[in-house]
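S.K.: Pasting a structure here, questions to come.
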Amino acid sequence: MPVMTTRDWCFAAAGLSLALAIGSGVADRRRARRKNADRVGMVNWATVQVFALIATAVLTSIGFNS
């Protein structure tokens with residue numbers, strides 16, 4: 001059974017953070033296009049997307065350099 005290296009963990013985490021960024025982009029689009037614009041939202045999806053994309057870039061860089 002192969003053991004996951006640091007590179008593998010970084011790329012796996014980068015894939016998960018990329019999925020989070022895509023999901024938060026979809027959620028932000030749904031929030032922007034909702035019919036009742038006065039409904040209060042708890043999560044700022046644009047901020048979540050930015051941090052997820054930053055995490056993706058950092059983890060991918062670590063994966064390539066390890």
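The values are calculated or read from the model by the stated rules, or taken from the named source; none is laboratory data. Bear in mind that the values here come from a model prediction, so they are computed numbers and not experimental data. In case anyone asks, the SASA skips ligands and DNA or RNA and just uses the protein heavy atoms, side chains included. Shrake-Rupley method; radii C 1.70, N 1.55, O 1.52, S 1.80 Å.
S.K.: Could you do me a favour and compute the accessible area per residue for the chain, 1.4 Å probe, result in Å²?
M.R.: Counting only protein heavy atoms, the per-residue value for the chain is 79 Å².
S.K.: Let me ask something additional. Could you give the spread of the C-alpha atoms of segment 25-66 along their three principal axes, from largest to smallest, in whole angstroms?
M.R.: 48, 15, 7
S.K.: Only helical DSSP H runs with n ≥ 4 go in: add -39500 (n - 2.57) per run for the chain, normalise by residue count and round the 222 nm mean residue ellipticity to 500 deg cm²/dmol. If you can, show how the numbers build up before the last one.
M.R.: Numbers: 2 runs with 48 residues, N = 66.
Taken over the chain, the calculation gives -25500 deg cm²/dmol.
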